[in-house]
Amino acid sequence: MKPQTLKIRSLFFLSVFLTTPSIIFSQAVNMTTNAAVPVSTTTCSATFFDNGGSAGGYTNAAGTYTQTFCPLTLSYGIHLVISAIDLKQTGNASNDDQLLIYLGSGTGGTLLYTSPVDVQTTNLEFYSNTGQCLTIVFKQNGSNTGNAPGWSATVNCEPLFSIVQVESVVQACGDAFVDPGGIAGMYAGSSNSTPLPTGYYPNNAVHTYTFLPATTGTFVTLNFSKFKLDASDKLIIIDGSGTNAGILGQYSGTSVPPAFTASTNSGCLKVIFISDAATSAPGWIAQVGCSSSPGNALALCSSANCSGTCGFTICSSGAFPVSSGSGVGVQEGFTANTMGCLGVNGEINSTWYYFKTGMSGTLGFVIDPPSGLDFDFALYGPGNGSVVCPLNTGSAPIRCSYANNNLSTTQGNVGLVDGAGDFTEGVSGDGFVEDLAVTAGQEYAILINTFSSGNPQAAPTITWSGTAMNGLVCGFALAGEVISFDGYHYQGTNVLHWKTATEHNTDYFTLKKSRDGVDWHTFSTIGAAGSSNTTLSYQLIDDESDGLNYYDLFLTDIDGKQNHISTITVNEDLCSDGFISAYFPNPSSGKVNFYYCGTNFEDALIVKLHNAFGTLVFDTDIREFKESSAIELDLSNLENGVYYATIYQNGDVQTKRISLVK
């Protein structure tokens, strides 16, 4: 009995056929019985059988027979589906009948398949590239007795147009989206062979694709027609492209994901593909489209996931909840860089927490795990107006501890403390890394990871410390996002400067001043913008600037609600703490100034900046400088973050923190 013909088409491709009737026709093609003359057929809809046709097995005739299928138009590729195959086999491969499939119009192209070496005998699928043919070669030994069923197959054209294959940011509506292995090749099974079969995606891959709508006001859609990943590899779909984007789903295996439509104002969808070092698979084929209507914002949200503000917001010391059960949800730290010191183990039993600073200063914390549990953590940030998730940003943690609590001398406690001396530590660490220098309006994410099983996980106690500990913002609901507030003494005046990232229903700012930090008076009020989605700068000059002065900044909205932003000090005596003055402005948007307070004008000043991970990012010599003249450092090429500037001169060394907020 001839194997039953199976025709496989996705709904998407079927809809194309219905809307392009000029290329719709169907024909039956049997493998040629003339070994001397290869046959080429241009078609977009055919059934394809061995030389026995659909009624029975193939005839026993020695020879090599060749059939090529080419698409009708150059914007299409050939899609061959072998629904069943059963050829004569003797137990000796050299005497077996064979079917071979090549990419291209002849046997000079890439060999995609050889039977019976490949064990899969049903639903074998093969694709050519756009405008490319597939060639099928049937080799018969002729000495084998009896007939065999042969094969049943269908041939179709797939409209591929433009193919998105490599990692990219692309405006796409109507394009095909395929895995990094490309569309051409065999689409069946899995493999750990070297080299991998043509069309299989590479191992050890991390690829990010961001799809933007081709027309403003529309929303990207994504529809998968084929999907085959190894169980340990994964494809993550994200609703949007920003740092607050929510996770719509994470997929592995062979179940085809559902359709997706972006729901955010950007209209974007982001896709992250991650494969491990072991087994590969054919990957996926999907269609990118654009819709005039947004999708439903159904983000995959749990406190085990950082994306989409799914964790817990904290603004004080105390015991805090954990995920409802053990597990990790989506593994956000998908590379060695984004996972930091947690390394290949990644998340084990994890919960994400967020906090926001309402004032500038230093900030630390101690995490006290109950019952002697081994807690690790990674800290991400800072962000301004957005939750910092490594899945969305690709950023590494700025602080990280993977210390083995059983080996440390801190009785299981971990956290950030002043003077720890390191920013990240492995299993032999003491549990503590350096504290933070923060500015008002920054947002951070903490991943707390329990290196043990159990359900539910024990709730940690978090205790805050530092000069900014009392300024943590609850609820992230300020009328205006004030991203910096600083001041410095310059030519007999104190210059006060602050910036807002956004403003919503803001009314005015209030500046209060004190000589001792105890007795305060209102120094000035300045009108706010009311509504703004762009960065705005404010500045005020204080002419009465002798000695040490304290300044408090407040923001009042149109409903009369007042929020305390931050407290700073400005000292007339710039040279009160060494041969280098305080840096100003600090935080800075790119250019930082300082005064030289020493007396040695012969030896150069050597300036070195290290980032939060201890990497040298800036190195210069300054040989011309004068007393009481500002020296400028142009740091505009550096990314936002905290840096440590060390200046050397003839044996003298001084280190100060600098924050860049652009």
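The values are calculated or read from the model by the stated rules, or taken from the named source; none is laboratory data. Keep in mind it's a predicted model, so treat the numbers as computed, not measured. Here the Cβ is made from the backbone with ideal geometry for all residues, glycine too, and neighbour counts use every protein chain on show. Only protein heavy atoms, including side chains, enter the accessible area calculation; ligands, DNA and RNA are left aside. Shrake-Rupley method; radii C 1.70, N 1.55, O 1.52, S 1.80 Å.
Quick look at the values:
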{"read-out": "Filter result for the condition that a residue is crowded, with 19+ Cβ neighbours inside 10 Å and either modelled with pLDDT of 85 or more or in a loop (DSSP other than H, G, I, E, B) (or both), over Leu363, Leu342", "value": "Leu363"}
{"read-out": "Number of positions in segment 43-69 that are more than 20 Å from Thr114 (Cα to Cα) and open to solvent by less than 40 Å² (accessible area, probe 1.4 Å)", "value": "8"}
{"read-out": "Checking Leu511 against (1) part of a loop (DSSP other than H, G, I, E, B); (2) within 16 Å of Val570 (Cβ to Cβ), the condition it does not meet", "value": "(1)"}
{"read-out": "Which listed residue, of Phe273, Phe260, is aromatic (Phe, Trp, Tyr), open to solvent by less than 10 Å² (accessible area, probe 1.4 Å) and more than 27 Å from Ile82 (Cβ to Cβ)", "value": "Phe273"}
{"read-out": "Of all residues making up segment 223-272, the number that are aliphatic (A, V, I, L, M), over 15 Å from Ser293 (Cβ atoms) and part of a strand (DSSP E or B)", "value": "8"}
{"read-out": "Pick from segment 580-602, criterion over 16 Å from Leu633 (Cβ atoms) and in contact (Cβ under 8 Å) with a residue 40 or more places away in the chain, ranking: farthest from the chain's Cα centre (by Cα)", "value": "Asn600"}
{"read-out": "Pairs where the first residue, in segment 211-237, is closer than 21 Å to Ile274 by Cβ and the second is among the acidic types (Asp, Glu), C-beta under 8 Å, 6+ apart", "value": "Lys226/Glu125; Asp230/Asp276; Ser232/Asp276; Asp233/Asp276"}
{"read-out": "Yes/no for Gln132 being modelled with pLDDT of 85 or more and more than 19 Å from Val256 (Cα to Cα)", "value": "yes"}
{"read-out": "Selection from segment 382-400 of residues that are open to solvent by 20 Å² or more (accessible area, probe 1.4 Å) and at pLDDT 80 or above", "value": "Pro382, Ala396, Ile398"}
{"read-out": "Filtered residues of segment 276-298 (kept if at pLDDT below 75 and crowded, with 20+ Cβ neighbours inside 10 Å)", "value": "none"}
{"read-out": "Members of segment 535-551 that are open to solvent by 20 Å² or more (accessible area, probe 1.4 Å) and in contact with a strand residue (DSSP E or B) (Cβ under 8 Å, 6 or more places away or on another chain)", "value": "Thr535, Leu536, Ser537, Tyr538, Gln539, Leu540, Ile541, Asp543, Gly547, Leu548, Tyr550"}
{"read-out": "Segment 232-262, subset of a type in the set (Gly, Ala, Ser) and within 27 Å of Glu443 (Cβ to Cβ), residue modelled with the highest pLDDT", "value": "Ala262"}
{"read-out": "Some residue of segment 561-578 being under 42 Å from the mean Cα position of the chain (by Cα), surrounded by 19 or more Cβ atoms within 10 Å (Cβ to Cβ), at pLDDT 80 or above and closer than 27 Å to Cys597 by Cβ", "value": "no"}
{"read-out": "Test result for Thr646, modelled with pLDDT under 80, more than 20 Å from Gly492 (Cβ to Cβ) and not small (Gly, Ala, Ser)", "value": "no"}
{"read-out": "Matching residues, segment 50-79, being under 12 Å from Phe138 (Cβ atoms) and in contact with a Phe, Trp or Tyr (Cβ under 7 Å, 6 or more places away or on another chain)", "value": "Asp50, Asn51, Gly52, Tyr65"}
{"read-out": "Among the candidates Phe355, Phe423, Phe377, Phe432, residue that is over 25 Å from the mean Cα position of the chain (by Cα), modelled with pLDDT of 85 or more and crowded, with 19+ Cβ neighbours inside 10 Å", "value": "Phe432"}
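Per-residue answers, yes or no, for (1) in a strand (DSSP E or B); (2) at pLDDT 80 or above; (3) not hydrophobic (A, V, I, L, M, F, W, C):
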| residue | (1), (2), (3) |
| --- | --- |
| Thr32 | no, yes, yes |
| Ser54 | no, yes, yes |
| Leu80 | yes, yes, no |
| Gln89 | no, no, yes |
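Every residue, every condition in (1) open to solvent by 10 Å² or more (accessible area, probe 1.4 Å); (2) closer than 12 Å to Leu269 by Cβ; (3) modelled with pLDDT under 85, yes or no:
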site	(1), (2), (3)
Asn204	yes, no, yes
His207	yes, no, yes
Phe211	no, yes, no
Ser225	yes, no, no
Asp230	yes, no, no
